[in-house]
Amino acid sequence: MAITYLKSGKPEAERSEDDLKTRQVVVSTLQDIEARGDVAVRELSEKFDKFGPPSFKLSASEIEALMNRVSARDMEDIKFAQAQVRNFAQAQRDSMLDIEIETMPGVILGHKNIPVQSVGCYVPGGKFPMVASAHMSVATASVAKVPRIIAATPPFKGEPNPAVIAAMHLGGAHEIYVMGGIQAIGAMALGTQTIEPVHMLVGPGNAFVAEAKRQLFGRVGIDLFAGPTETMVIADETVDAEICATDLLGQAEHGYNSPAVLLTNSKKLAEETLAEIERILKILPTADTASKSWEDYGEVIVCDTYEEMLSVADDVASEHVQVMTDRDDWFLENMTCYGALFLGPRTNVANGDKVIGTNHTLPTKKAGCYTGGLWVGKYLKTHSYQKITTDEAAAKIGAYCSRLCMLEGFVGHAEQANVRVRRYGGNNVPFGAAAE
């Protein structure tokens, strides 16, 4: 058994160094936003986006004017995609039930699923206008019935992108801001003189956006660590090099640091895919980005067995995993660490990114080992409650509770239970004594 790397990306040490530089920039920028609010946000926007409108928040008339610039065909496509996302999100929401059970006579336990009360949705768009990200974050929050949904997106070529704004508005955003990067994340989470802070941040972004969310986690909630796009193609000789190369480069064009990995048990397919990638990069309009990403972060891994492929795939825990083998369902049954699976050659990651209905905000940097992607449940907080409705239950639970509190040395805790035993059980239990 052997695992062979026909192509490797940047060494891990170099990737860690890049992460450290990003972290340092984000620390100082967030401190500046917290200290100076709107002034800092405006300076950052003018510096990085060359954009400084009178107000970053769009008015209703500005939103309407931008939407009027979207063609009928584009608007129809946006609505179709949003309907798919809403339909799946609603089905997921319907699966999450409030519960209430009587665990013993007179003891009632339950939980309620309560929406987060305010959320900031970041929609990337400085390089490519990410229309679909508005469906994924804003529309899904709307299905969850979040009372205040604000959305931010950077300007595209010096102005708000009409299609992105249309998707945000149709998705249900209550406030829309044209700002990007760390300044958008910081403004939504920390608040400024003109922006009320939110309880939670969601949405993908570049390395700086992802790091800003990471640093702000705890002060606000976040959906997950969703940094630069990652993709893995797991393939055997049931497919050819063209489809493998296309699926790898289709995601590598996202940015200069988007890992793309081919995992196969066929050296022939691996070598042919390497050649096909070189061919496509000569004609791909986004080759400047995709070629740099492939050079620094692309990998081709050849295994002897399907079991080895499964082991490597779970270790990498890629954001997107395209499986094209003679046993796709076996991978579905056995894989445990990933963002989302795309099974069989008929589907592809772009479907998930844009239209099919599953959410495209997914875990990166091995976060798939401990979390799935953004979904309607991320906007819901499951809160438990309890009540005791009979004297007998209060005395019975109280006696157990008192003894267990004393076992741990918590006398004050025990007295909380004892007073109930005295009140409702008729026992004369002194302060600090365990109920019998």
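The values are calculated or read from the model by the stated rules, or taken from the named source; none is laboratory data. Remember, it's a predicted structure, so these values are computed and weren't measured experimentally. All Cβ positions, glycine included, derive from the backbone under ideal geometry; neighbour counts span all protein chains shown. Side chains are part of the model used for accessible areas, which takes the heavy atoms of the whole protein and leaves out ligands, DNA and RNA. Shrake-Rupley method; radii C 1.70, N 1.55, O 1.52, S 1.80 Å.
Please give the solvent-accessible surface of residue 136 in Å², to the nearest 10, using a probe radius of 1.4 Å with every protein chain present.
For residue 136, solvent-accessible area is about 0 Å².
Note the full-extension length gain between residue 278 and residue 346 as 0.36 nm times their separation in residues minus their Cα-Cα distance, in nm to one decimal.
My answer for the length gained is 22.1 nm.
Out of every Cα-Cα pair in segment 270-391, what percent are more than 24 Å apart?
42
Based on alpha-carbon atoms only, what is the radius of gyration of the chain relative to the globular estimate 2.2 N^0.38 Å?
Against the empirical 2.2 N^0.38 Å value, I get 1.18 for the chain.
Please get the size of the charge dipole for the chain, origin at its Cα centre, with Cβ charges of +1 on Lys and Arg and -1 on Asp and Glu, quoted in debye to the nearest 20.
In total the dipole reaches around 1780 debye.
Top to bottom by accessible area (1.4 Å), largest first, where do 404, 310, 262 land?
Order by accessible area, largest first: 404, 310, 262.
Add +1 for every Lys or Arg and -1 for every Asp or Glu among the other residues with Cβ under 15 Å from the Cβ of residue 141, and state the total.
Summing Lys and Arg as +1 and Asp and Glu as -1 gives +4.
How large is the Rg to Rh ratio of segment 212-325 when both quantities use alpha carbon positions and Rh follows Kirkwood?
Value, to two decimals: 1.04.
Per-residue HN-Hα couplings for segment 36-42, Karplus 6.51 cos²θ - 1.76 cosθ + 1.60 at θ = phi - 60°, whole Hz, x for Gly and Pro?
10, x, 4, 4, 5, 4, 5
Apply the Karplus curve 6.51 cos²θ - 1.76 cosθ + 1.60, θ = phi - 60°, to the phi angles in segment 10-25 and return the couplings in whole Hz, x for Gly and Pro.
In residue order, the calculated couplings are 4, x, 4, 4, 5, 5, 5, 5, 4, 4, 5, 4, 4, 4, 5, 4 Hz.
Name the residues whose placed amide hydrogens come within less than 5 Å of the amide hydrogen of residue 130, ignoring near sequence neighbours (fewer than 5 apart) on the same chain.
Residues meeting the amide H criterion: 125.
Could you compute how much accessible surface residue 101 exposes when probed at 1.4 Å, giving the result in Å² to the nearest 10?
Solvent-accessible area, nearest 10 Å²: 90 Å².
Under the definition of Cα pairs under 8 Å and six or more residues apart, what whole-number percent is the relative contact order of the chain?
So the answer I get is 19 percent.
Which angle from 0 to 90°, rounded to the nearest 10, does the C-alpha axis of helix 306-316 make with the longest principal axis of the chain?
Rounded to the nearest ten degrees, it is 70.
Using 0.36 nm times the number of residues separating residue 268 and residue 287, minus their current alpha carbon distance, what extension gain do you get?
4.4 nm
Quick one: length gained pulling residue 390 to residue 102 fully straight, 0.36 nm per residue minus the C-alpha distance?
Taking 0.36 nm per residue and subtracting the Cα distance, the gain is 102.5 nm.
May I have the extent of the alpha carbons of segment 75-230 along their three principal axes, as whole Å values ordered from largest to smallest?
66, 37, 34
With all protein chains present and a 1.4 Å probe, how do 254, 174 order by accessible area, largest first?
174, 254
Along the Cα→Cβ direction, 7 angstrom out, place labels at residue 8 and residue 408. What is the inter-label distance in nm?
Inter-label distance under the simple model: 4.9 nm.
Have a look at 135, 320, 413 and tell me which one the Gaussian network model of the chain (Cα, springs below 10 Å) gives the largest fluctuation.
Among 135, 320, 413, the largest GNM mean-square fluctuation belongs to 413.
I'd like the orientation of helix 181-190 relative to the chain: the angle between its Cα long axis and the longest Cα principal axis, in ° from 0 to 90, rounded to 10.
For 181-190 against the chain, the angle is about 10 degrees.
Between rounded, prolate and oblate, where does segment 1-68 land on the alpha carbon gyration tensor, with a ≥ b ≥ c its root eigenvalues, rounded for a/c under 1.5, else prolate if a/b exceeds b/c?
oblate
What value, in deg cm²/dmol to 500, does the helix sum -39500 (n - 2.57) over DSSP H runs of n ≥ 4 give at 222 nm once divided by the residues of the chain?
So the calculated ellipticity at 222 nm is -14000 deg cm²/dmol.
Of 21, 213, which has the most accessible area with a 1.4 Å probe, and how do the rest follow in descending order?
21, 213
At 1.4 Å probe size, what's the solvent-accessible area of residue 95? Round to the nearest 10 Å².
80
Would you please state the base-10 log of I(q)/I(0) at q = 0.11, 0.14, 0.19 1/Å for segment 1-131, with intensities from the Debye formula using one equal scatterer on every alpha carbon?
Log10 I(q)/I(0), no solvent term: -0.89, -1.08, -1.24.
Given H placed 1.01 Å from N in the peptide plane, which residues other than close sequence neighbours of residue 380 have an amide H under 5 Å from its amide H?
Here 116 satisfy the definition.
Along the charge dipole of the chain, which of 135, 280, 325 sits closest to the positive end, that is, farthest toward it, with unit charges on the beta carbon of Lys, Arg, Asp and Glu (+1, +1, -1, -1)?
Result: 135, furthest along the dipole toward the positive end.
Going by amide H atoms built from the backbone, whose H comes under 5 Å of the H on residue 299, apart from near neighbours?
The answer is 260, 261, 262.
Across segment 276-285, in residue order, what do the Karplus-derived ³J(HN,Hα) couplings come to in whole Hz, using 6.51 cos²θ - 1.76 cosθ + 1.60 with θ = phi - 60° and x for Gly and Pro?
For segment 276-285, the Karplus-derived couplings read 5, 4, 4, 5, 5, 5, 6, 10, 6, x Hz, x marking Gly and Pro.
Select from 253, 242, 102 the residue whose mean-square fluctuation is largest in a Gaussian network model of the chain (Cα-Cα springs shorter than 10 Å).
So, out of 253, 242, 102, the one fluctuating most is 102.
Could you tell me which residue out of 357, 374, 178 lies farthest along the dipole of the chain toward its positive end? Charges go on the beta carbon: Lys and Arg +1, Asp and Glu -1, centred on the Cα centre.
Value: 178.
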